Amino acid sequence: MNAAPRQLGDETSPEDLAEARAELRAIARGLLGKTRVPAAPGWGLMASSGWLGLEVPPALDGAGATFAEVAVIAEELGRAVARGSYLGSAVLGVGTLRELARHPATDDLLRRTAAGDAVPAAVLVPGGSAGGRHGGGVPFWLARTADGLRLNGQAVFVPDAAEATTLLVLARAVDDGAPVIVELDPQAAGIVIEPQPVLDETRRLAMVRAEGAEIATESVRRFAGDPRATVRRLLDRAAVAVACDSLGLSEAMLDATVGYARVREQFGRPVGSFQAVKHACADMLIRVRVARELVAAAVTALAGDPAGIGTVDLSPADVSTAASMAKAYACEAAVEVAGKAMQLHGGIGYTWESGIHLYLKRAALNRSLFGAPAAHRRRLAERYK
Amino acid sequence: MTSPARDLEEFRASVRAWCRAHVPVGWRAAQTGIPDAEYVAFQQWWFAELRAAGYAVPHWPAEWGGGMPLARQVVLYSELAAHDAPRLVLAFVAIHHAAATLLAAGTDEQRRRHLPAILDGETWVQGFSEPEAGSDLAALRTTARRDGDRYIVNGQKLWASGALQADWCLLLARTDPDAPKRRGISYFLLDMRSPGIDVRPIKNAVGESHFCEIFLSDVAVPAAGLVGPENGGWRVAQETLGAERGLTMLELAERLGNAGFRWLVAACSRQGLLDDSLVTDRLAALETELTALRGLCRGLVERHEAGRAGPADASIVKLYYSELLQRMTDFGTEIAGLSAHAVLRKPASSGWESGAWMLDFIGSWEWTIPGGTSEIQRTIIAERGLGLPREPA
């Protein structure tokens, strides 16, 4: 059965949009909830569900939806601590391709990505955490030699790079030093990809190095808009997608903890009837509500407001502000919420079997991906001077 | 072409223009250390100014002089906060709690008697808490005994904010001492000029005396002053406690997030601390939380209007606001250093973020204790919001 999301036209009302997103969420939760955690949705299922091509235009067999729909899937994948390359490909890869100037090869890649036949991964920062600084700089550079165009550079802890069929590498162009995207075959000579195992077994990270790799001129793609503003936007997207993931896993941990506290009995009564446990759960709920508020604002800022119900269009700086607030808060909150979940589950929570460690490890990894909280707050604080 | 967004921006522009023309320059300095009579006069003047502009009771129904769409109210409170307008302190209970009670449960006659009077400056006080009925409000002991066409009230009320100036009192009293405690309470409108009322100010931790004790000795309340059914007062009280959340929280959140945060940044700047990353990290964290608070408050009023508010939503907002206020004013006190302790008075007519950081910090307990302590709120959130089991009796 094809469960692909409906296509949304320009005339879609806010109510229709909300309903379509709720439907997408319900389907995703149903599909992902069928298996034990961590969920391991097959790539074919993700493709047939339409999740890989949410932001791919209908003309290229995608859903023509927005980042707001991608955010729904990102949150649900976090809720299920799901494995898979969604972050690297559907979020970062498709997002990057959509920012490039139109090109038949790009269109083809978008079409194959939506179908699940190609898995692109974007390599945007030198380190997954951007070296502690948000943005961090362009990780690769192109050089012209007597033998043609060459690529050098390195990036570490790149999401889903080892599983990708195509790498989209952010590099400095030869002529003007502007950031461009180089489309790379991971098997190409001069490209080294080494998986970097991490404690969070649900994510795949890898080191990508280019050692004078030969690059065909037609593999170098320019951004359609201002390159620096576009890179900033892509990094904001990455940060918010990770924040969505953290929000989803926080909600899962709160639900699990409340469910457990209702039934687990000690001293002849449910532990959830003790005030100390109740108040801890109340604090978890507040963390989740605050995170949800900030994440929703950031998603709306990034996705735009297709139905025109909001006030005025946000400036790029406002979008970045919303993204940094969401990333810093939601990812910090998730570590606290998952940690509290482990604590309130008592002895069972500390076992491998319970699976709570999966959430805690992923929450802590998310916190470091695409800008640590302190780095995002540093960016916010630049506005105070 | 018009759109809701453009319409709202035009409204915003008109509020801004009004604020620039009407918010008195230097009112904070002028309001610091003034006698009560001057404070009352200033409040009455400001209320009249807002009323003339249609900004005093925008949340009331149109037939009583309100009727402003919710989206505009959000803009109004945001702009008043951004322009650092004085707060309506004296009229607060009247325009929120009293009006909400009358509109939800009052008779037509009670509404006609009081709503226009409130617009003309009638002030109200809430007589709920008692010495032995704080968090356990339903344990209240003040009695109202039926005597023909009137009730005779005896007892003592506590933490009645603004009782010295109030014309009327929202009173909870026990009418059936034998009923289970929530089922024996009635809700009354009490004329504060009635014989047998003695009001004594209590000095709070800040050093102000707007909290009062009210002693009631054989005070007669006409039966027409009963709101809702006899012994049905607990339900009516829930309505007024509800009014304390929604829009009032929105207004306070906008103030905290606007001028409040600007002063905090200014305080950091004055101390040369905007290059200190430890300080700016905390500033950015607070700004993030303030942004979320404002969003939560807007969400609460929107869901409340749509009848979709969750059973713990108001408690979540109250708890979050009050603790954020406390953390923010604590930080302001720390940043301002010893000079924060040399500010001996805060301006009247200001909110809980007056910029007198140490006094604001102490004053923040006025939010974490009254209206249901933070501990009570957490229990409500866990039981009603998350469905955790009640404590065994």
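The values are calculated or read from the model by the stated rules, or taken from the named source; none is laboratory data. Quantities reported herein were computed from a predicted structural model and do not represent experimental measurements. Don't worry about glycine lacking a Cβ; one is built from the backbone with ideal geometry, like all the others, and counts go over all protein chains shown.
From the list B:Gly337, B:Gly332, B:Gly351, the lone residue that is surrounded by fewer than 19 Cβ atoms within 10 Å (Cβ to Cβ) and away from chain A (no Cβ under 14 Å) is B:Gly337. Taking the stretch A:135-174 on its own, how many of its residues are of a type outside the set (S, T, N, Q), touching a residue at least 60 places away in the same chain (Cβ under 8 Å), assigned to a strand (DSSP E or B) and on the phi < 0 side of the Ramachandran plot? Looking only at that region, the number is 9.
With A:Ala303, A:Ala276, A:Ala323, A:Ala261 as the choices, which residue is within 11 Å of chain B (Cβ to nearest Cβ) and touching a residue at least 40 places away in the same chain (Cβ under 8 Å)? Unique residue meeting the criteria: A:Ala261. If you go through the stretch A:264-273 and keep only what is facing chain B (nearest Cβ under 9 Å) and buried (at least 21 other Cβ atoms within 10 Å of the Cβ), you end up with just A:Gly272. Annotation: A:Ile193 fulfils all but one of (1) in contact with a Cys (Cβ under 7 Å, 6 or more places away or on another chain); (2) away from chain B (no Cβ under 14 Å); (3) β-branched (Val, Ile, Thr); the unmet one is (1). In this structure, is B:Arg72 within 21 Å of B:Glu254 (Cβ to Cβ) and charged (D, E, K, R)? Yes. Filtering the stretch A:311-320 for residues that are surrounded by 16 or more Cβ atoms within 10 Å (Cβ to Cβ), facing chain B (nearest Cβ under 8 Å), at pLDDT 95 or above and under 28 Å from A:Gly64 (Cα atoms) leaves an empty set.
Restricting to the stretch B:155-185, name every residue that is among the small types (Gly, Ala, Ser) and over 15 Å from B:Ala133 (Cβ atoms). Across the stretch B:155-185, the qualifying residues are B:Ser161, B:Gly162, B:Ala163, B:Ala166, B:Ala179. The criterion of at least 2 residues that are in contact with a His (Cβ under 9 Å, 6 or more places away or on another chain) and not basic (Lys, Arg) is met by the following strands (runs of 3 or more DSSP E) wholly inside the stretch B:129-176: B:168-174. Within the stretch B:299-315, restricting attention to residues that are touching a helix residue (DSSP H, G or I) at 6+ places or on another chain (Cβ under 6 Å) and of a type outside the set (Gly, Ala, Ser), the residue that is surrounded by the fewest Cβ atoms within 10 Å (Cβ to Cβ) is B:Pro311. Is it the case that some residue within the stretch A:360-372 is over 28 Å from A:Thr230 (Cα atoms) and either free of Cβ contacts under 8 Å to residues at least 40 places away in the same chain or not assigned by TED's automatic domain parsing to the domain that holds A:Val240 (or both)? Yes.
Is it the case that some residue within the stretch A:228-240 is surrounded by 24 or more Cβ atoms within 10 Å (Cβ to Cβ) and within 25 Å of A:Gly30 (Cβ to Cβ)? Yes: one or more hits. If A:Ser89 satisfies all but one of (1) closer than 28 Å to A:Leu380 by Cβ; (2) touching a strand residue (DSSP E or B) at 6+ places or on another chain (Cβ under 8 Å), what's the number of the condition it fails? Exception for A:Ser89: condition (1). Restricting the search to the stretch A:109-125, which residues are in contact with an Asp or Glu (Cβ under 7 Å, 6 or more places away or on another chain) and not in a loop (DSSP other than H, G, I, E, B)? Of everything in the stretch A:109-125, those that are in contact with an Asp or Glu (Cβ under 7 Å, 6 or more places away or on another chain) and not in a loop (DSSP other than H, G, I, E, B) turn out to be A:Arg111, A:Ala114, A:Ala115, A:Ala121.
Looking for something closer than 28 Å to A:Lys361 by Cβ and out of contact with any strand residue (DSSP E or B) (no Cβ under 7 Å at 6 or more places or on another chain) - is there at least one such residue anywhere in the stretch A:150-164? Write out each step before concluding.
Residues of the stretch A:150-164 that are closer than 28 Å to A:Lys361 by Cβ, as a first pass: A:154-164.
Adding the requirement that they be out of contact with any strand residue (DSSP E or B) (no Cβ under 7 Å at 6 or more places or on another chain) leaves A:163.
Yes, the stretch A:150-164 has at least one match.
Of the residues making up the stretch A:332-385, those that are within 14 Å of chain B (Cβ to nearest Cβ) and not in a helix (DSSP H, G or I) are A:Gly371, A:Ala372, A:Lys385.
Selection over the stretch A:65-108 of residues that are in a helix (DSSP H, G or I) and under 14 Å from the mean Cα position of the chain (by Cα) gives a count of 24.
If we scan the stretch A:328-335, do we find a residue that is buried (at least 21 other Cβ atoms within 10 Å of the Cβ), assigned by TED's automatic domain parsing to the domain that holds A:Arg292 and closer than 30 Å to B:Arg6 by Cβ? The answer is no; no qualifying residue exists. Selection of the stretch A:23-38 for residues being modelled with pLDDT of 90 or more and either farther than 14 Å from A:Ala71 by Cα or not charged (D, E, K, R) (or both) yields A:Leu24, A:Ala26, A:Ile27, A:Ala28, A:Gly30, A:Leu31, A:Leu32, A:Pro38. The stretch B:1-86 holds helices (runs of 4 or more DSSP H) entirely within its bounds, and those carrying 2 or more residues that are on the phi < 0 side of the Ramachandran plot and within 14 Å of chain A (Cβ to nearest Cβ) map to B:4-22, B:70-82. Here the condition is being more than 14 Å from chain A (Cβ to nearest Cβ), surrounded by 22 or more Cβ atoms within 10 Å (Cβ to Cβ) and either part of a helix (DSSP H, G or I) or without any contact (Cβ under 8 Å) to a residue 60 or more places away in the chain (or both); of B:Leu359, B:Leu344, it holds for B:Leu359 alone.
Restricting A:Pro270, A:Pro227 to those that are without any contact (Cβ under 8 Å) to a residue 60 or more places away in the chain and within 20 Å of A:Pro139 (Cα to Cα) reduces the list to A:Pro227.
Here B:Gly371 qualifies as more than 22 Å from B:Thr32 (Cα to Cα), more than 13 Å from chain A (Cβ to nearest Cβ) and touching a helix residue (DSSP H, G or I) at 6+ places or on another chain (Cβ under 8 Å).
Residues in the stretch B:283-305 that are away from every other protein chain (no Cβ under 12 Å) and hydrophobic (A, V, I, L, M, F, W, C): B:Val301 only. Only one residue in A:Cys331, A:Cys281 is under 16 Å from the mean Cα position of the chain (by Cα), at pLDDT 95 or above and not small (Gly, Ala, Ser), so which one is that? Residue meeting the stated conditions: A:Cys331. Restricting the stretch B:200-220 to residues that are under 20 Å from the mean Cα position of the chain (by Cα) and part of a strand (DSSP E or B), which is modelled with the lowest pLDDT? Among those that are under 20 Å from the mean Cα position of the chain (by Cα) and part of a strand (DSSP E or B), it is B:Phe211.
Scanning the stretch A:338-359 for residues that are surrounded by fewer than 17 Cβ atoms within 10 Å (Cβ to Cβ) and among the aliphatic types (A, V, I, L, M) yields one hit, A:Ile348.
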